[in-house]
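Enquirer: One structure is given below, represented as structure tokens, and several questions about it will come after.
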Amino acid sequence: MGAALCDDTDVSAVRATMAALRATEPKVHWHGSSELRRRDLIDAVAALPIVGLAVVHVEVGAMDRRQRRKCLEHLLPQLADLPCSTVTLESRSKQDASDLDLLQKLRARRVIAPTLQIKHIVGRLEPVLWAADIICGAVVADRCGTADYLKTLGQVVEVQVI
């Protein structure tokens with residue numbers, strides 16, 4: 001799971017840059033992009049006023065839902081400590097309720113402040129989410145042996161393996 005963090009004052013600029021990369025696609029997406037396209041996407045994200053954080057959960061045989069939950073369990077307290085007031089997640093339809101349930105449980109355990117909010121939005125409607133997708137793509141490529149994308153992002157991205 002990846003996060004693209006930016007100041008409130010930079011959100012409009014990040015949105016505009018990412019929207020300009022859309023071309024004819026409904027949304028910018030790493031998966032299915034050509035190597036040339038990926039290079040353009042990485043270069044664009046590397047120039048953005050963002051910091052990336054990627055959390056990789058490694059558990060053999062774990063289902064996608066568990067992977068997501070474990071990553072969020074690790075990521076949300078860190079975001080709350082930044083301080084981050086709103087986390088925008090790409091909607092996974094019926095799975096959104098699970099994210100909100102986890103948020104409530106973390107609040108109840110006082111792992112995060114009650115002020116942290118999660119909102120879900122359809123991926124094609126929020127271009128900032130596309131930057132997080134590209135960060136995740138670079139991390140996956142690195143873990144599969146193609147390190148140059150992540151190297152281009154450099155110290156802008158922190159990868160945490162849990």
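Enquirer: What residue, among those in the stretch 104-129 that are more than 19 Å from Ala4 (Cα to Cα) and in a helix (DSSP H, G or I), is least open to solvent (accessible area, probe 1.4 Å)?
Expert: Leu106
Enquirer: Kindly provide the set of residues from the stretch 1-34 that are under 18 Å from Val122 (Cβ atoms) and acidic (Asp, Glu), ordered by number.
Expert: Of everything in the stretch 1-34, just one residue is under 18 Å from Val122 (Cβ atoms) and acidic (Asp, Glu), namely Glu25.
Enquirer: Let me ask you something else. Could you please find all residues in the stretch 44-74 being in contact with a Lys or Arg (Cβ under 9 Å, 6 or more places away or on another chain) and not in a helix (DSSP H, G or I)?
Expert: Val55, Val56, His57, Glu59, Ala62
Enquirer: Also: Which of the residues belonging to the stretch 66-103 are surrounded by fewer than 17 Cβ atoms within 10 Å (Cβ to Cβ), in contact (Cβ under 8 Å) with a residue 24 or more places away in the chain and small (Gly, Ala, Ser)?
Expert: Selection gives Ser85, Ser98.
Enquirer: In the list Leu41, Leu89, which residue meets the criterion of being modelled with pLDDT of 95 or more, under 26 Å from Thr9 (Cβ atoms) and part of a strand (DSSP E or B)?
Expert: Exactly one of Leu41, Leu89 is modelled with pLDDT of 95 or more, under 26 Å from Thr9 (Cβ atoms) and part of a strand (DSSP E or B), namely Leu89.
Enquirer: In the stretch 130-145, which residues are open to solvent by 50 Å² or more (accessible area, probe 1.4 Å) and of a type in the set (D, E, K, R)?
Expert: Asp142, Arg143
Enquirer: Another question, if that's okay. Restricting to the stretch 1-41, give me the number of residues that are among the small types (Gly, Ala, Ser) and either exposed (fewer than 10 other Cβ atoms within 10 Å of the Cβ) or under 28 Å from Arg143 (Cα atoms) (or both).
Expert: So the count comes out to 8.
The values are calculated or read from the model by the stated rules, or taken from the named source; none is laboratory data. Quick caveat, the model's predicted, so the values are computed rather than measured. When we count neighbours, we look across all protein chains shown, and the Cβ atoms used for this are built from the backbone with ideal geometry, even at glycine. Only protein heavy atoms, including side chains, enter the accessible area calculation; ligands, DNA and RNA are left aside. Shrake-Rupley method; radii C 1.70, N 1.55, O 1.52, S 1.80 Å.
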